[in-house]
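The values are calculated or read from the model by the stated rules, or taken from the named source; none is laboratory data. Please read these numbers as outputs of a predicted model, since none were measured by experiment. Here the Cβ is made from the backbone with ideal geometry for all residues, glycine too, and neighbour counts use every protein chain on show. To get the accessible areas, we keep the full protein, side chains included, count just its heavy atoms, and leave off ligands, DNA and RNA. Shrake-Rupley method; radii C 1.70, N 1.55, O 1.52, S 1.80 Å.
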Amino acid sequence: MKRLVSLTLLVFVLISSSSVYARSIDTEIQEFMDSPAPDFSELSKANGSKIINEFDAIIEKEAISELKYSYSDKYDETLKFKQEVINLSKNSRNELEKMNFNDRQIDAILSTKGLSADKVSNDVARRASANFQFNMYKNRFEYGDYAVVDAYWAWESAPVWAGKDTVVFGFSNGFTANLDRTVMKVTYRDLDGNYKGEQYYNPNGLVQGLRFDFEQSYEPGGLRSLSNGKVYLVIDNRENKDYVEVHGKYLHNYLGVLPSINISGSNLVSIGFSQNTREMGDGYIVMP
């Protein structure tokens, strides 16, 4: 009889703990999502902020590619990007303003009118590009239970290439994504900070990771705008590990190829993706 009572109490404690966990984390998720994501200027003041220019991301990637491929095999995105800038120059200044390009970008874009891509300098392409930030922060690590990571990203203005982007996370062995409690909120604004809409996105699971695919530059209704977002990432500790490594990347102009999560023998987590994809932001966290 005593054994039965003890067993019943144990089950009750486990159920109660699970319920407390669910209520606690669900409340925090709601509070996290109800508050606005920091915009570009606010994110700039945060610890660990790193600003990267849309065109510089291409230059960095091609520098790495030259180490991996022969010159003839290297995919040159710079000319393609410059041609996109030239295509935008067909719009008037007023039209470009409505597309949420800032004055620096508009001056650079209009200066390319009538040029060929090989005549557009890197400096002009850089000034035509948008600046971006991506940050990851520790939220909390509950031993034997779960870990939470917060991630934020923001565009300063509308990027040249507008379309779908991807945020992807990988984490070390022994943890699985809690897809029901992981969510991303994207807020769309104009250059003056006026609210244009928002959208919630649910993740797609990967082996040892997850990804969000979303409209980076188009608010609900299809109007071009700039965006910022935040992710509440919950991963369950299935093997009672005493630490976790989480790697996150923001992939711009993502072409739909499945990213791969790689875990080395030392448990280091890395994320691979297609050669034609640009990495705009990167974060790595070890908890606790």
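Restricting attention to the stretch 191-221, the residues that are assigned to a loop (DSSP other than H, G, I, E, B), buried (at least 18 other Cβ atoms within 10 Å of the Cβ) and on the phi < 0 side of the Ramachandran plot add up to 4.
For the stretch 222-250, a residue qualifies if it is among the aromatic types (F, W, Y) and part of a strand (DSSP E or B), and the qualifying residues are Y232, Y250.
For the stretch 171-200, the set of residues classified as under 15 Å from V234 (Cα atoms) and of a type in the set (F, W, Y) consists of F171, F175, listed by residue number.
Would you point out the residue of the stretch 141-184, among those that are hydroxyl-bearing (S, T, Y) and over 11 Å from the mean Cα position of the chain (by Cα), that is modelled with the lowest pLDDT? Among those residues, the one meeting the criterion is Y143. Taking the criterion of being in a strand (DSSP E or B), under 14 Å from L210 (Cβ atoms) and open to solvent by 10 Å² or more (accessible area, probe 1.4 Å), the residues of the stretch 137-182 that qualify are T176, A177. Residue by residue through the stretch 124-136, note down the ones that are open to solvent by less than 20 Å² (accessible area, probe 1.4 Å) and in contact with a helix residue (DSSP H, G or I) (Cβ under 6 Å, 6 or more places away or on another chain). Residues satisfying the conditions are A125, A128, S129, A130, Q133. In summary, D236 fulfils each of the numbered conditions (1) over 28 Å from I58 (Cα atoms); (2) over 14 Å from the mean Cα position of the chain (by Cα); (3) buried (at least 19 other Cβ atoms within 10 Å of the Cβ) with the single exception of condition (3).
In the stretch 203-217, is there at least one residue being hydroxyl-bearing (S, T, Y) and either at pLDDT 90 or above or over 19 Å from H252 (Cβ atoms) (or both)? No, the conditions are met nowhere in the stretch 203-217. V85 passes every criterion in (1) open to solvent by 50 Å² or more (accessible area, probe 1.4 Å); (2) modelled with pLDDT of 95 or more apart from (1).
Restricting attention to the stretch 27-82, which residues are modelled with pLDDT under 70 and either among the basic types (K, R) or under 26 Å from S225 (Cβ atoms) (or both)?
Once the filter is applied, which keeps residues that are modelled with pLDDT under 70 and either among the basic types (K, R) or under 26 Å from S225 (Cβ atoms) (or both), the stretch 27-82 yields K68, K74.
In the set (1) at pLDDT 95 or above; (2) open to solvent by less than 10 Å² (accessible area, probe 1.4 Å), T187 fails one condition alone, (1).
For (1) open to solvent by less than 50 Å² (accessible area, probe 1.4 Å); (2) of a type in the set (F, W, Y); (3) at pLDDT below 85, each residue gets a yes or a no:
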site: P259; (1), (2), (3): yes, no, yes
site: N262; (1), (2), (3): no, no, yes
site: V269; (1), (2), (3): yes, no, yes
site: M280; (1), (2), (3): yes, no, no
